[in-house]
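Please read the structure below before turning to the comments.
The values are calculated or read from the model by the stated rules, or taken from the named source; none is laboratory data. The structure presented is a predicted model; accordingly, all values stated were derived computationally and were not measured. Counting neighbours? That spans all protein chains shown, and the Cβs are built from the backbone with ideal geometry, glycine included. Accessible surface is based on the protein model in full, side chains and every heavy atom, while ligands, DNA and RNA are left aside. Shrake-Rupley method; radii C 1.70, N 1.55, O 1.52, S 1.80 Å.
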Amino acid sequence: SLVGRDVIVAGNKLSIDADRGVGQGGFELAYAADAVKVEILSASGAVVQTLNLGAEGAGLHSFDWPAGSATSASGLTFRVSATTGGVATPVTALMRDRVEAISTSGTSFNLELESSGTVPYTAVKAFN
């Protein structure tokens, strides 16, 4: 069953593993980039820290951030930017979310997610 499992979907909510003190997120690059930057944002949108990840290839990527005493209730988010030769490269922020229920609507198969609400099954990038 998918209920109770974690999935990776488009979104920018930082997942906090309080036991390990690590914040986690991800992103998908349409093309290779020579500079990828992740900004960790407070609940008010202020930049808490910047991670310069350097060059990354096209595809799915993840990152870890030392979250210290932050928890999932802290409301931390992130934004990702990528450039190649100084020109912006398309990038999609990805987040971990938990499946709470499964539903169908006509021919659509949907997942009810804890943070993201209802998303089509086809929106899932990965299962954890």
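Multiply the residue gap between residue 125 and residue 55 by 0.36 nm, knock off their C-alpha separation, and tell me the result in nm, one decimal place.
23.0 nm
Quotient of the Cα radius of gyration of the chain and 2.2 N^0.38 Å, N being its number of residues: 1.11.
For a Förster distance of 41 Å, can you work out the FRET efficiency between the beta-carbons of residue 107 and residue 31, rounded to the nearest 0.05?
0.80
For the chain, the solvent-accessible area works out to 53 Å² per residue, with a probe of 1.4 Å and every protein chain left in place.
Structural descriptor for the chain: relative contact order 36 percent, calculated from alpha carbon pairs under 8 angstrom and at least 6 residues apart.
Residue order by solvent-accessible surface for 105, 81 is 105, 81, largest first, with ligands and nucleic acids left out and a 1.4 Å probe. Taking the accessible area of the chain, probe 1.4 Å, and keeping the other protein chains in place, the carbon and sulfur fraction comes to 50%.
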